[in-house]
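The values are calculated or read from the model by the stated rules, or taken from the named source; none is laboratory data. Here the structure is a predicted model, which is why all the values come from computation and not from measurement. Don't worry about glycine lacking a Cβ; one is built from the backbone with ideal geometry, like all the others, and counts go over all protein chains shown. Each accessible area value is taken on the protein alone, full model and side chains, heavy atoms only, with ligands, DNA and RNA left out. Shrake-Rupley method; radii C 1.70, N 1.55, O 1.52, S 1.80 Å.
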Amino acid sequence: MLRRIHADRPIAVDIAIPAGLAVAIDAQDLDEMIGNLLDNAWRHARAALAISAAAADGVVTLDVADDGEGIDDAAIAQAMLPGRRLDERGDGHGFGLSITRELAELSGGTLVLGRSTTGGLLARLSLPLRA
């Protein structure tokens, strides 16, 4: 779907998610969270995204990392505020990350932003593992 939405941006996507990995949250909420994270990453990547997930201690951690410019520590807190857009290019309303964080917290999880190993943004979504 994102390849069609962002047809003008040929991004290489590396996916490393074990088969059968499942979280204990509403499927629609999960779609919303992952959609927001992937759309942001795709828009800001230069050439590549890395998506990985793993389970440990009853928690699934999903990492979405891009190779874009990233944001500094001061901007990370701002990026999570509802309606706050750090990048005015293109469409968007600045609610994706705040909605994702809120849905994660309502589901017993977290959303943390940081720097990816490729220099862009790393969004780490942690959610309860489905037993």
_If Pro10 satisfies all but one of (1) over 14 Å from Leu122 (Cα atoms); (2) outside any loop (DSSP other than H, G, I, E, B), what's the number of the condition it fails?_
(2)
*Would you check if Gly108 is assigned to a loop (DSSP other than H, G, I, E, B), open to solvent by 30 Å² or more (accessible area, probe 1.4 Å) and at pLDDT 95 or above?*
yes
_Scan the stretch 65-84 and tell me whether some residue there is of a type in the set (A, V, I, L, M), within 19 Å of Ala16 (Cα to Cα) and at pLDDT 90 or above._
yes
_Tell me the residue from Ala55, Ala19 that is hydrophobic (A, V, I, L, M, F, W, C), assigned to a strand (DSSP E or B) and more than 16 Å from the chain's Cα centre (by Cα), please._
Ala55
*asked:* Pairs please, first residue from the stretch 96-117 and touching a residue at least 12 places away in the same chain (Cβ under 8 Å), second anywhere and open to solvent by 60 Å² or more (accessible area, probe 1.4 Å), Cβ atoms under 6 Å, 6+ apart in sequence or on different chains.
replied: Ser98/Pro82; Ala104/Thr110; Leu111/Arg101; Val112/Arg124
_Name the single residue that is most open to solvent (accessible area, probe 1.4 Å) among those in the stretch 26-40 being touching a helix residue (DSSP H, G or I) at 6+ places or on another chain (Cβ under 8 Å) and hydrophobic (A, V, I, L, M, F, W, C)._
Leu38
